[in-house]
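All remarks here apply to the structure that follows.
The values are calculated or read from the model by the stated rules, or taken from the named source; none is laboratory data. Quick caveat, the model's predicted, so the values are computed rather than measured. Here the Cβ is made from the backbone with ideal geometry for all residues, glycine too, and neighbour counts use every protein chain on show.
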Amino acid sequence: MSTADRTSDILPILADSHHGFDQALRGYDRAQVDQYLSGLEDEVRVSAADRDRAAARTAELAAQLASTQAQVESLRRQLRAATETVTPENVDERVRQAIETAHAEAARVRQEAETRAEAVRKNNIKKPI
């Protein structure tokens, strides 16, 4: 593998657009090298800005995801609570007392109704037709 091949593997930017510098009296043409380096610096700045924007967007999306997951979990808890059967054991004291009072009142009304129904039945049986 040649040095040029290894360089293009490590720094693909160099392999894509640049094929070397022209030789000048003492080394390479300084203006050409400066221009090339300036272009590379611009590309690095643009890439860094793109990376920073992508990182910021990723952080925003991660925060939105965390918020959405928290909302979903809250809704799941609310759904479980809303679909749970109401019993004296899973409500607060005041509601439990109201439920117990309602049950006692219902039992009392039912007993009175049964007593009246029995009295009506007895009265109807004793009367000749």
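Below, the figures for the structure above:
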{"quantity": "Region 76-93, residues that are over 20 Å from Ala104 (Cα atoms) and not hydrophobic (A, V, I, L, M, F, W, C)", "calculated": "Arg76, Arg77, Gln78, Arg80, Thr83, Glu84"}
{"quantity": "Any hit, region 21-30, residues being surrounded by 11 or more Cβ atoms within 10 Å (Cβ to Cβ), in contact (Cβ under 8 Å) with a residue 12 or more places away in the chain and of a type outside the set (Ser, Thr, Tyr)", "calculated": "yes"}
{"quantity": "Failed condition for Thr83, given (1) of a type outside the set (A, V, I, L, M, F, W, C); (2) surrounded by 10 or more Cβ atoms within 10 Å (Cβ to Cβ); (3) modelled with pLDDT of 85 or more", "calculated": "(2)"}
{"quantity": "Flag for Thr85 being part of a helix (DSSP H, G or I) and out of contact with any His (no Cβ under 8 Å at 6 or more places or on another chain)", "calculated": "no"}
{"quantity": "Meets criteria (assigned to a loop (DSSP other than H, G, I, E, B), out of contact with any Phe, Trp or Tyr (no Cβ under 7 Å at 6 or more places or on another chain) and not acidic (Asp, Glu)) for Val44", "calculated": "no"}
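Conditions tested, residue by residue: (1) among the basic types (Lys, Arg); (2) in contact with a helix residue (DSSP H, G or I) (Cβ under 8 Å, 6 or more places away or on another chain).
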site: Arg51; (1), (2): yes, no
site: Ala63; (1), (2): no, no
site: Gln69; (1), (2): no, no
site: Ile99; (1), (2): no, yes
site: His103; (1), (2): no, no
site: Arg110; (1), (2): yes, no
